[in-house]
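Contents: one structure, followed by commentary.
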Amino acid sequence: MNALTRTETTLSPTRSQAGRQPARGRHDNARLLPGLLLAAGIAALAFALRHLPGLGSFSPMIIAIVLGIAFHNLAGTPDQAKPGVAFSMRKVLRFAIILLGLQLTASQVAEVGITGVAIIAATLVATFTFTVWLGRLIGVEQKLAELIAAGTSICGASAVIATNTVTKASDEDVAYAVACVTVFGSIAMFGYPLLPGLLQLGPHAYGLWAGASIHEIAQVVAAAFQDGQQAGEFGTVAKLTRVLMLAPVVITLSLAARQRARSSRATQGGTTAPMPWFVLGFIAMVGVNSLVDIPAVAKTWIVALTTFLLTMALAAMGLETDIRKLRAKGLRPLFLGLAAFLFIATFSLMLVKLLG
């Protein structure tokens, strides 16, 4: 009896802990709820504000990070919202990037052709390399330079926040990089449609140039369709092909970070950088979309959900951004963003003229 009693006594805490597991899970979910609702509310407001005159050309992601920064710096992000805000910046972001793969297919890449893909890839690599090199030359922190390089060379704000899962820069760096790609991408969006005649670019060449060099998907669509349906459609496909290259870039940066971390650990006891496994999910979704005929209605909802989740992630980023730290970065990163914009525009135009 004594042994049995001791056994029951030993087991009883385990039973008690097992009984508390669901309650603990519910408690964790409850902790996330205020921040998730705040980020989602700001994202919804960003979508609503796009209907106002003058804001329709801006991505809701851009509006959301501005609103998030304003809220954080004017009212302050409540402590009870911070767990959910952090969850939005990490888990929600990763899930959204995985879903982004459902907007791409292998056949779309084939439409661009070998020459088009080569132009896009060469432009991306050259722009990224140039931006990081110039950032080092003028004294911009490496992490911020990498974020500006990714946003300029790949796909704007989405690339900035995806790259930051590996780069691990501060929220202020992310906000600054997003601001750079917003400003210069907007200049491109309004400026490019004025140039096809001057530069003697046909619809195909102009669409390829726009898709290979303008920052955000929405900005490419707005600029490319100004030159007609053919230019608009080809520019969009070229841009989506460029988005597909987000995966190898993030994986490459992760491997480089892991190598640096190993060296640091060998000398200082540092930790190894994580592998961005969610990028493999992105690639898998491209494969699914290439093999499975997803109904048009479902695809419309998927695109809307993906955009909303990315907007939530940017809102959360803004809710952790201190504008005083942002101002302390100075003008050198802005100059880097300008130089990167001018480089990608001229380099891609040169390749389109020579090979397109």
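Computed quantities for the displayed model
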item: Expected 222 nm ellipticity per residue - DSSP helices of 4 or more, -39500 (n - 2.57), all of the chain, to 500; result: -26000 deg cm²/dmol
item: Simple label model, 7 Å out from Cα along Cβ direction - residue 125 to residue 258, nm; result: 2.1
item: Diffusion constant of the chain at 4 °C, which comes from Stokes-Einstein with the Kirkwood Cα-pair radius and 1.567 mPa s, µm²/s; result: 60
item: Distance from segment 228-242 to segment 46-74 (C-alpha centre basis), Å; result: 26
item: Contour excess over end-to-end distance, with Cα ends at residue 190 and residue 73 and 0.36 nm allotted per residue; result: 39.1 nm
item: Above-threshold pairs, the threshold being 31 Å between Cα atoms, out of 91/143; 299/353; 299/329; result: 299/353; 299/329
item: Helix 296-318 vs. the chain, principal-axis angle (Cα, 0 to 90°, nearest 10); result: 70
item: The chain: angle of helix 60-74 to the longest principal axis, Cα-based, in degrees nearest 10; result: 60
item: Rg to Rh quotient for segment 70-136, alpha carbon positions, Kirkwood Rh; result: 1.21
item: Relative contact order [Cα under 8 Å, 6+ residues apart], the chain, whole percent; result: 30
item: For segment 97-176, fraction of C-alpha pairs farther apart than 22 Å, in %; result: 33
item: Helix axis angle, 229-244 relative to the chain longest principal axis, alpha carbon, degrees; result: 40
item: Euclidean distance of C-alpha centroids, segment 126-180 and segment 193-217, integer Å; result: 24
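Laboratory data are not the source of any read-out in this text; all were calculated from the coordinates shown. The shown structure was predicted, so the numbers you read here are calculated from the model rather than taken from an experiment. Backbone-built Cβ (ideal geometry, glycine too); neighbour counts: all protein chains shown.
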